[in-house]
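No value in this document is a laboratory result; all are computed from the given coordinates. Not measured: the values here are computed from a predicted model. All Cβ positions, glycine included, derive from the backbone under ideal geometry; neighbour counts span all protein chains shown.
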Amino acid sequence: MAGSFEVRVDARGVAYLTLDHRAKLNTLNAALMREVIGAMAALREREDLRCAVLTGAGDRAFIGGADIREMAAVEAPAEGEAFIRLVHGVCDAMRALPVPVIARIEGFCLGAGLEAAAACDLRIASEAARFGMPEVLVGIPSVVEAALLPGLIGWGRTRRLLLLGETIGAAEMTEWGFLERVVPASELDAAVEEWVGKILAAGPRAIRNQKALIREWEDLPVKDAVAAGIRAFARSWESEEPRRMMGGFLAHLAARKG
């Protein structure tokens, strides 16, 4: 079985994305990656979308990496390039979604799985989750969205992960700055929903604008990033959202004073 990718969007506009290849630790093979990329392209077009939660089926793995059997069958550089472009396509699909993507991490988060988590906007894990980039141990470098790691954890820790192939616990990955939150497994879903609720409480347009601006900041020098922020701020008033939400906030303050 190649696995499956389930997309469920609830009435609030929250998309729950579940990668199910649990017999193989939710590893990514070519067929499954194509399914993910196609489903995410369709999801991007939904105007009612507010946020997304990415997880792996079961409790053994978030994503256990790319399918090593498929990689072992590669016979030429062009085949290897085609495969790794699919891994990049999965990660880029998370970054391209116009709303925040929360990585809900339980179990192993390895290789392509860690890259996919890095491509998400927020990461929350169970205390027992384990993280690693073991590619050099099987004769290949860590690539594609591993390039995001220096911005998240610094160059020294990136080198440690990529050159030593170690497996690191959730507590240490939080200290490093990769994870925003770690909770007991029994509290993982409640913690994710707490974050979902905070996103839903914000302005839908503001959230989309903020994610787009953060993406711009990644590629711009500070002076240009500030200018991009000014433009984004001005664009906010193209809709009624700021006036409506600020009016509600001021009315709430007035009611409290009264």
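Measure nothing but the geometry: give the 0 to 90° angle between the long axis through the Cα atoms of 204-219 and the longest principal axis through the Cα atoms of the chain, rounded to 10°.
Relative to the chain, helix 204-219 is tipped by roughly 50 degrees.
State whether the stretch 16-68 is rounded, prolate or oblate according to the following rule on the C-alpha gyration tensor (a ≥ b ≥ c being the square roots of its eigenvalues): a/c under 1.5 gives rounded; otherwise a/b larger than b/c gives prolate, and the remaining case gives oblate.
On the way: a/c = 3.55, a/b = 1.65, b/c = 2.15.
Because a/c hits 1.5 or more and a/b fails to exceed b/c, the stretch 16-68 counts as oblate.
Looking at the chain, what % of its DSSP beta bridges pair antiparallel, to the nearest 5? Intermediate results must be reported in sequence, preceding the final value.
Details: 9 of 32 bridges.
Looking only at bridges with both residues in the chain, the antiparallel portion is about 30 percent.
Quick check on packing: order 89-101, 224-236 by the mean number of other C-beta atoms within 10 Å, highest mean leading. Before the final figure, lay out each step's value.
Numbers: 89-101: 20.3, 224-236: 12.5.
Those peptides, ordered most packed to least, come out 89-101, 224-236.
Under 1.5 on a/c is rounded, so check that first for the stretch 107-230, then, if it is not, pick prolate when a/b is larger than b/c and oblate when it is not; a ≥ b ≥ c are the square roots of the alpha carbon gyration tensor eigenvalues.
On the way: a/c = 2.50, a/b = 1.23, b/c = 2.03.
Oblate, because a/c is 1.5 or more while a/b does not exceed b/c.
Quick one: Karplus J couplings for the stretch 136-147, per residue in order, coefficients 6.51, -1.76, 1.60, θ = phi - 60°, nearest Hz, x for Gly and Pro?
4, 6, 10, x, 9, x, 7, 9, 5, 6, 4, 5
Rounded to the nearest 500, what is the chain's calculated 222 nm mean residue ellipticity when only DSSP H runs of at least 4 contribute -39500 (n - 2.57) each, over all residues? Before the final figure, lay out the partial values.
Details: 11 runs with 131 residues, N = 258.
Roughly -15500 deg cm²/dmol at 222 nm, from the helical runs in the chain.
Which value in nm describes the separation of the simple spin-label points at VAL222 and ARG8, placed 7 Å from the Cα toward the beta carbon?
4.6 nm
Pairing the Cα long axis of helix 77-96 with the longest principal axis of the chain, what angle in degrees results, from 0 to 90 and rounded to the nearest 10?
Approximately 20 degrees, to the nearest 10.
Helix 155-164 sits at what angle to the longest principal axis of the chain, using alpha carbons and giving 0 to 90 degrees rounded to 10?
30 degrees
Applying a 10 Å radius around every beta-carbon, put 107-113, 186-192, 217-223, 206-212 in order of their mean neighbour count, most first.
Working: 107-113: 26.6, 186-192: 15.1, 217-223: 10.3, 206-212: 16.7.
Result, highest mean first: 107-113, 206-212, 186-192, 217-223.
Beta carbons within 10 angstrom, averaged per residue: use that to sort the peptides 117-127, 169-179, highest first. Intermediate values should be presented prior to the final figure.
Working: 117-127: 22.8, 169-179: 18.1.
The densest-packed peptide leads the list: 117-127, 169-179.
Considering the dipole of the chain built from charges on the beta carbon (Lys and Arg +1, Asp and Glu -1) around the Cα centre, which of PHE5, ALA190, VAL138 is farthest to its positive end?
Checked the options; the winner is ALA190.
Please enumerate, by chain and number, the lysines with C-alpha under 26 Å from the C-alpha of LYS223, excluding those fewer than 8 residues away in the same chain.
LYS211
Run the numbers on the chain and let me know its relative contact order in percent, using alpha-carbon pairs under 8 Å that are six or more apart.
Numbers: 423 pairs, mean separation 37.8, N = 258.
That works out to 15 percent.
With the Cα gyration tensor of the stretch 1-99 giving a ≥ b ≥ c as the square roots of its eigenvalues, does the rule (a/c under 1.5 for rounded; else a/b larger than b/c for prolate; else oblate) give rounded, prolate or oblate? Walk me through the intermediate numbers first.
Numbers: a/c = 2.87, a/b = 1.59, b/c = 1.81.
Because a/c hits 1.5 or more and a/b fails to exceed b/c, the stretch 1-99 counts as oblate.
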